[in-house]
Amino acid sequence: MKKVRVAVLCSGGGTNLQAILDSAAAGNIPSGEIALVVTDNASAFALERAQRAGVGTVVVDKKQYPDRSEREKRILAALEKHKIGLVVLAGFMTILSEAFTKKYDMRMINVHPSLIPSFCGPGFYGLKVHEAALARGVKVTGATVHYVNEVCDGGPIIAQKAVCVEEGDTPEILQKRVMREAEWIILPRAVETVCKTLSEREI
Ligand code: GAR
């Protein structure tokens with residue numbers, strides 16, 4: 001069966017990218033090939049992770065291209081050039097336009113650091129999600145992987161994993177636990193699940 005070519009879009013540290021790369025290296029993503037890493041931040045550490053793994057990179061820097069539609073045009077051109085079949089948003093901190101999400105309908109997934117529908121939507125990203133969860137006093141949070149559509153964090157849910165909030169948690173401590181116990185586990189698994197579905201559909 002033909003492997004699905006996967007692009008991972010990141011804006012920062014890229015620990016979720018690393019989890020995908022490690023999972024692929026361990027043979028756990030047999031239906032996909034991590035073909036490209038795209039970032040909108042020229043100083044993202046994700047770039048180094050990609051280079052170390054021998055994966056090609058494309059930078060469409062927000063500072064150089066402040067206009068979102070110009071950035072999207074460039075990202076789309078890169079995805080098309082590299083014949084990408086699945087787009088993975090892994091800490092990509094820009095809400096994509098409806099035109100963009102339509103192009104990758106059911107071929108684009110995102111990891112979000114809460115149990116959707118809690119603490120999601122515009123304004124809920126990165127540490128802010130964990131700050132909001134702690135402020136509300138929830139005892140359980142977690143992570144969600146979902147398909148991306150025109151509604152921010154609103155696409156069909158693929159996987160979720162719950163994580164306990166503990167006494168004395170700070171947003172930073174909680175963020176790390178959610179990554180370690182949920183995101184880094186469910187995201188690589190979802191990449192394989194979706195690649196498998198896509199490759200079977202193409203036979
Ligand atoms: C992750 O926690 C990811 O779920 C979150 O940003 C972090 C990126 O970390 N994404 C969002 O909040 C998107 N709404 P990473 O760069 O180390 O993977």
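For this structure, a couple of remarks:
- Amide hydrogen neighbours beyond the local backbone of residue 91, cut-off 5 Å, H modeled: 111
- Rg in Å to one decimal, and Dmax rounded to a whole Å, for the chain via C-alpha atoms: 16.2, 52
- Per-peptide average of other Cβ atoms within 10 Å, ordering 30-38, 176-184 highest first: 30-38, 176-184
- Under 17 Å from the Cα of residue 73 - lysines, other chains or at least 8 residues apart: 62, 63, 81, 83, 102, 103
- Here, P(r) means the percent of Cα pairs in each 10 Å bin from 0 to the largest distance; for region 83-203 it is 14, 45, 29, 10, 2, 0.
- Rounded to the nearest whole angstrom, the semi-axes of the ellipsoid equivalent to region 5-95, taken from the Cα gyration tensor as √(5λ), stand at 21, 14, 10, largest first.
- Across region 98-109, coupling constants 3J(HN,Hα) worked out from phi with the 6.51/-1.76/1.60 Karplus curve, θ = phi - 60°, read 4, 4, 5, 5, 4, 5, 10, 4, 6, 10, 9, 10 Hz, and Gly and Pro carry x.
- Expressed as a whole percent, the proportion of Cα-Cα pairs in region 147-203 lying more than 15 Å apart is 63%.
- When the solvent-accessible area of region 1-127 is split by element, carbon and sulfur atoms take up 54 percent of it, the probe being 1.4 Å.
- Sequence ranges 42-48, 82-88, ranked by mean other-Cβ count within 10 angstrom, highest first: 82-88, 42-48
- Per-residue ellipticity at 222 nm computed for the chain from its helices equals -11000 deg cm²/dmol, with DSSP H segments shorter than 4 residues left out and the rest contributing -39,500 (n - 2.57).
- Residue-normalised accessible area of region 52-134, expressed per residue, 1.4 Å probe, Å²: 51
- Placing unit charges on the Cβ atoms of the charged side chains and taking the dipole of region 60-111 about its Cα centre, the candidate lying farthest along the positive direction among 110, 82, 99 is 82.
The values are calculated or read from the model by the stated rules, or taken from the named source; none is laboratory data. This is a predicted model, so every value here is computed, not measured. Because the Cβ atoms are built from the backbone with ideal geometry, glycine has one as well, and the counts that use them run over all protein chains shown. The protein model used for the area step is the full one, side chains on, heavy atoms only, and it has no ligands, DNA or RNA in it. Shrake-Rupley method; radii C 1.70, N 1.55, O 1.52, S 1.80 Å.
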